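Contents: one structure, followed by commentary.
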Amino acid sequence: EIKHGRVAMYATMGYIVPEYFKWPGYLSPSMGLKFADVPNGLAAITKVPGNGWAQIVAFAGYYELFVYKFNGTPGDYGWKAISSPDAEVR
């Protein structure tokens, strides 16, 4: 559930950020499609070329299969909790 929570947080940020920021330049130079031409929200699904979606899926799959190798306790990143009332933890 921690991984799904993080995916949900990234999805939320991906929905909010384009309201305030768009990359300059072209999303697809061969199609003449600029980042500014892509609408926000779910309307963007139909505007992004199929090869772009293939790149996104390939990158996410590569990352999940070969890069992300966390084998520890979920949520334990070795950071000390500064807000903990326990003096041993701080």
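The values are calculated or read from the model by the stated rules, or taken from the named source; none is laboratory data. Everything numeric in this text was worked out from a predicted model, so none of it was measured. Backbone-built Cβ (ideal geometry, glycine too); neighbour counts: all protein chains shown. We work out accessible area using only protein heavy atoms, side chains counted, and drop any ligands, DNA or RNA first. Shrake-Rupley method; radii C 1.70, N 1.55, O 1.52, S 1.80 Å.
Quickly run through the stretch 1-33 and pick out the residues that are part of a loop (DSSP other than H, G, I, E, B) and surrounded by 10 or more Cβ atoms within 10 Å (Cβ to Cβ). Talk me through it step by step, then tell me what you get.
Step one: of the stretch 1-33, the residues part of a loop (DSSP other than H, G, I, E, B) are 1, 20-25, 32.
Within the stretch 1-33, 22, 23 meet the criteria.
Here residue 48 passes the criteria (1) assigned to a helix (DSSP H, G or I); (2) closer than 18 Å to residue 15 by Cα except the one numbered (1). Among residues of the stretch 60-72 that are modelled with pLDDT under 90, none has a beta-carbon under 6 Å from a residue that is part of a helix (DSSP H, G or I) at least six positions away or on a different chain. Taking every residue in the stretch 1-27 that is under 13 Å from residue 39 (Cα atoms) and pairing it with any residue that is part of a loop (DSSP other than H, G, I, E, B), at least 6 positions away or on another chain, the pairs with Cβ-Cβ distances below 6 Å are 18/40; 19/40.
Across the stretch 46-58, what is the number of residues that are closer than 19 Å to residue 26 by Cβ and open to solvent by 60 Å² or more (accessible area, probe 1.4 Å)?
We begin by selecting, within the stretch 46-58, every residue closer than 19 Å to residue 26 by Cβ; these are 46-56.
After this cut, where a residue has to be open to solvent by 60 Å² or more (accessible area, probe 1.4 Å) as well, the list is 46-47, 51, 53, 55-56.
Counting residues in the stretch 46-58 that are closer than 19 Å to residue 26 by Cβ and open to solvent by 60 Å² or more (accessible area, probe 1.4 Å) gives 6.
Residue pairs whose Cβ atoms lie under 7 Å apart, separated by 6 or more positions or on different chains, with the first residue in the stretch 34-59 and without any contact (Cβ under 8 Å) to a residue 40 or more places away in the chain and the second part of a helix (DSSP H, G or I) and surrounded by 10 or more Cβ atoms within 10 Å (Cβ to Cβ), are 38/44; 40/18; 41/15; 49/31. Only one of the numbered conditions (1) more than 18 Å from the chain's Cα centre (by Cα); (2) surrounded by 10 or more Cβ atoms within 10 Å (Cβ to Cβ) is not met by residue 73, and that is (2).
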